[in-house]
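The values are calculated or read from the model by the stated rules, or taken from the named source; none is laboratory data. Predicted model, so just to flag it, every value in this text is computed and none were measured. Cβ sites come from the backbone with ideal geometry, for glycine too, and all protein chains shown count toward neighbours. For the accessible areas, the whole protein counts, side chains as well, though only heavy atoms, and no ligand, DNA or RNA atoms are used. Shrake-Rupley method; radii C 1.70, N 1.55, O 1.52, S 1.80 Å.
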Amino acid sequence: WAKADGKARWTLFDPERNAHRMTRQALASSLRPAVERDEFVLDYQPLVCLESGDVRGVEALVRWNHPQFGLLTPNRFIGLAEEDGSIVQLGRWVLRTACRQARRWQLEHPGRDPLFVSVNVAVRQVWDSDLVADVADILAETGLAPGLLQLELTESAVMGSAGRPLQALQALSDMGVRIAIDDFGTGYSNLAYLSRLPVSVLKLDGSFVRGFQYDEGEYGEASAHINPADEVIVEALVQLAHRLGLTVTAECVETSGQAERLRRIGCDTGQGWLYSRPVGADRISVLLGSRGD
Ligand code: C2E
Ligand code: MG
Ligand code: MG
Ligand code: MG
């Protein structure tokens, strides 16, 4: 603690930190017009069935192609967008773009089981916007079946979600849209509570998988992260989730050893660099085409 404190005091005078604050302000002020100027792009990351190895869906991940700062990852601007409320408009753009793209893949590859698309939804979109009406409109407009849309919410978005948010989740679920809990295990919610909500997928946070025992050879470089208890916890979570009727996706699967252990434990779906980094829509089209359908 002392060290962290000392560092914080020192960085008060750090020019780098000052530059960082200025960048933050510059980003915040250019956020709103950026939505109108179409400066955002979506990458897509495959969600893979651990048993068969088939790609079942993709997660849409937003990037900001900033004219001055270049391509920015979401951790640079999603928080800002939540603070100033522009997340509602940005979120709507993400939903529409992702649904339109998923429908396009479906039409391009009629012989293949259609991919579902999983879209991250910020707390504020559930509370401040008419998310249900937006989703209904976008599905109608793009022609995507509700069953091919999954929405990812964090635990904090659904925790204590009485009233309006719960009604929204229920309405979306009644529509046939799947609700997933993102980064599960990082907050304080419990499965008993979640099982009473219209949630059908748990996405286990990457920190669990990182703690998995590694294969020989991989041991050296990653040994700092190993925590055998994580494997026990994941196994118990998967069993409990299944008995509650939920499916489980593991994030941050980086090695075949992790994938194999997750498969043995009974985890349903994996996502991570082992399969693919997030890539542009055209790369997903190529992937679909190369599977012979
Ligand atoms: P997330 O929803 O948990 O998304 C997964 C993040 O993990 C992505 O980071 C992805 O690139 C990264 N990742 C995937 N596989 C691996 C792996 O094997 N190893 C490691 N170390 N990382 C991996 P990204 O794209 O930077 O997104 C960060 C977060 O930003 C997302 O976390 C999500 O919370 C948020 N986000 C992204 N797009 C949107 C969006 O359209 N709307 C909202 N509200 N939030 C978004
Ligand atoms: Mg997500
Ligand atoms: Mg996640
Ligand atoms: Mg995560």
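Just a few scattered comments:
- Anisotropy class of the chain from Cα gyration tensor, a/c 1.5 cut: rounded
- Annotation: per residue accessible area for the stretch 51-210 equals 42 Å², rounded to a whole number [probe 1.4 Å, protein chains only].
- Checking every one of the chymotrypsin sites (Phe, Trp or Tyr not before Pro) in the stretch 64-134 against DSSP loop status and a limit of 15 other Cβ atoms within 10 Å picks out PHE69.
- Within-13-Å neighbourhood charge of ASP182 [Cβ basis; K, R +1; D, E -1]: -4
- Fraction of accessible area attributable to carbon and sulfur, the chain (%, probe 1.4 Å): 52 percent
- Summing charges over all other residues whose Cβ lies under 15 Å from the Cβ of GLU36, with Lys and Arg as +1 and Asp and Glu as -1, gives +1.
- Net charge contributed by nearby residues that have their C-beta within less than 15 Å of ILE138 (K/R +1, D/E -1): +1
- Between amide H atoms placed 1.01 Å from N, distances below 5 Å from PHE116 occur with GLY57, VAL58, all of them 5 or more places distant or on a separate chain.
- Helical content alone sets the calculated 222 nm signal of the chain at -14500 deg cm²/dmol, taking -39,500 (n - 2.57) per DSSP H segment of four or more residues and averaging over every residue.
- Chymotrypsin sites (Phe, Trp or Tyr not before Pro) within the stretch 137-198, DSSP loop, no more than 14 other Cβ atoms inside 10 Å: TYR188
- Debye log10 I(q)/I(0) for the stretch 23-101, one point scatterer per Cα, at q = 0.17, 0.21, 0.23 Å⁻¹: -0.67, -0.91, -1.05
- Short-range pairs are left out: with C-alpha atoms under 8 Å and at least six residues apart, the relative contact order of the stretch 66-128 is 37 percent.
- Taking all protein chains together and a 1.4 Å probe, the residues ILE233, ILE265 rank ILE233, ILE265 from largest to smallest accessible area.
- Here the relative contact order of the chain, from alpha carbon pairs under 8 Å that lie six or more residues apart, stands at 17 percent.
- Cα-based shape type of the stretch 87-219, given that a ≥ b ≥ c are square roots of the gyration tensor eigenvalues and the cut on a/c is 1.5: oblate
- Ranked order, MET22, MET175 - accessible area, probe 1.4 Å, largest first: MET22, MET175
- Within the chain, longest stretch free of exposed GluC sites (Glu not before Pro) [DSSP loop, at most 13 other beta carbons within 10 Å]: 52-215
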